[in-house]
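The values are calculated or read from the model by the stated rules, or taken from the named source; none is laboratory data. The structure displayed is predicted, hence computed values, not measured ones. Ideal geometry is used to build each Cβ from the backbone, glycine not excepted, and the neighbour counts take in all protein chains shown.
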Amino acid sequence: MFIKNIYSDSNNKLNDFFKIQQRHSTTCREIIAGFTVFLSMVYSVIVIPNMLGQAGFPKTTVFIATCMISGFGSLLMGLWANLPMAIGCAISLTALIAFNLIISQGLSIPIILGAIFLMGCCFTLISITNIRSFILRNTPMGISQGIGIGIGLFLILIAANSIGLVIKNNQDGLPISLGQFSSFPVIISLIGLAVISGLEKRKIPGGVLIVIITISILGLIFDPKVKYYGLFKLPTIGVNGLSLLFNMDIIGALDPVVLPNLFALIITAIFDATGTIRAVASQANLLDEKNQIINGDKAIISDSISSIFAGILGTSPAAVYIESAAGTAVGGKTGLTAVVVGLLFLLIIFLSPISYLVPAYATAPALMYVGLLMLSNIKKLNFNDLIDTISGLLCGVFILLTCNIVTGIMIGFACLVIGRFCAGEWHKLTLGAILIAVILITFYISGLAIVV
């Protein structure tokens, strides 16, 4: 009886704090939803260190920092915003940072961390003021969707190149060519992608993680390059004395040649956060009578604050994960779902050695899958408005062709403004859209922007 009373009191306190019954849910359902989301997105703590590791980041440090960001961000979302949304390091922005800004453009890790910190600060400021509304009003829907399309294509290219499916063409002709299709990494990755699609179709929780673990085990057995370094390790931010904690070059991030990339990070974060949060909230029926997200401002601020800590700890920017929809699909409606996710991510900090056990061809299927999902933004384009659609598609395509998100956004805005004037639809342009286009074009004409 005593234990039963304790359970009842705890359940009542959880219900009062998270408004579980008010949102027509149960404590058990919320906990199950939390485990479901965790299994759906835990692959990120393997993918993120692998990607940033290729750019020179210490893998163990990134693994721990990524877990901490996922834990902190999800707990903040759950306890403050009371929404069933999990936060983690954004894979799309990680790809941009690792392969574009660092490897291609040669920016240093401290400058990148400074840019991530400033992005989080700017995003937070934008979220608590009317600036966010101004930017959203003046960025056309076509271009906002085009950014997601371009990043999706970029992810697919990165994954395909990492396993040798497509390689740089050193001969005259097209810049890339088919790699060694019969190699073990290529075959196992493509099979893994097909298996992920099948598991996700059947709505099996943790389908992506299952494939990553399975391929890693196969790699450990058949690939001599994959070695076992243990499973458990006490967490430490530093690796061989090289800690990324507070290793930010904020002054360097304010250099004119870096500012376009900082702008791209901010714009992408705004649209990613707004779109993902609305999609998950809509699925969970957490929109008010004005069709606005319940505690939407708190959700976006939770997202932006998490990116500030990402820069401090030394990992990629944070974002609400679309995998949160897996939790709402099984009935998660409150912040208790996010709290469960956050606690689980903090728990797996003690498993950092596994980040060395996972080869690139184990995470490539996950990257391709996420990239393919992002291509669904195409259906959100308004094909009745040809100029807006063409601008968005150009934005996406040139993000891929130039491997530079800023270039894609610039071309998209330039096409939009010129196209509207030529079509006699100048009245559909906002002053803000024209201003953004002029600023971006000026950056490129003046030679301030880095073009790879």
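Just one of the listed residues (115, 194) is of a type outside the set (Ser, Thr, Tyr) and crowded, with 19+ Cβ neighbours inside 10 Å, namely 115.
Considering only the range 40-77, state which residues are assigned to a helix (DSSP H, G or I), of a type in the set (Ser, Thr, Tyr) and under 16 Å from the mean Cα position of the chain (by Cα). Selection gives 40, 44, 66, 70, 74. Listed by position, the helices (runs of 4 or more DSSP H) enclosed by the range 297-377 that each have at least 2 residues that are under 13 Å from the mean Cα position of the chain (by Cα) and closer than 30 Å to residue 399 by Cβ are 360-374. Among the conditions (1) closer than 29 Å to residue 53 by Cα; (2) surrounded by fewer than 19 Cβ atoms within 10 Å (Cβ to Cβ); (3) modelled with pLDDT of 95 or more, the only one that residue 306 does not satisfy is (2). Picking from residues in the range 378-414 that are buried (at least 21 other Cβ atoms within 10 Å of the Cβ), in a helix (DSSP H, G or I) and among the polar types (S, T, N, Q), the one that is nearest to the chain's Cα centre (by Cα) is 407. Answer yes or no: is there a residue in the range 282-290 that is surrounded by fewer than 24 Cβ atoms within 10 Å (Cβ to Cβ), in a helix (DSSP H, G or I), at pLDDT below 80 and not hydroxyl-bearing (Ser, Thr, Tyr). Yes. Look at the range 164-177: where a residue is on the phi < 0 side of the Ramachandran plot and among the polar types (S, T, N, Q) and a partner is surrounded by fewer than 12 Cβ atoms within 10 Å (Cβ to Cβ) and assigned to a loop (DSSP other than H, G, I, E, B), sitting 6+ places away or on another chain with Cβ atoms under 7 Å, you get 169/175. The condition (being of a type in the set (Val, Ile, Thr), more than 30 Å from residue 33 (Cβ to Cβ), at pLDDT 90 or above and surrounded by fewer than 24 Cβ atoms within 10 Å (Cβ to Cβ)) is satisfied by just one residue among 135, 109: 109. Scanning the range 90-103 for any residue that is part of a loop (DSSP other than H, G, I, E, B) and buried (at least 24 other Cβ atoms within 10 Å of the Cβ) turns up at least one such residue.
In the range 26-85, the qualifying residues are those that are hydroxyl-bearing (Ser, Thr, Tyr) and over 16 Å from residue 330 (Cβ atoms), and the one that is surrounded by the most Cβ atoms within 10 Å (Cβ to Cβ) is 74. Counting residues in the range 68-79 that are within 12 Å of residue 314 (Cα to Cα) and in contact with a strand residue (DSSP E or B) (Cβ under 9 Å, 6 or more places away or on another chain) gives one or more.
On inspection, residue 211 qualifies as under 21 Å from the mean Cα position of the chain (by Cα), under 25 Å from residue 86 (Cα atoms) and in contact (Cβ under 8 Å) with a residue 12 or more places away in the chain. Of all the numbered requirements in (1) in contact with a Phe, Trp or Tyr (Cβ under 8 Å, 6 or more places away or on another chain); (2) within 24 Å of residue 155 (Cβ to Cβ), residue 432 misses one, and that requirement is (2).
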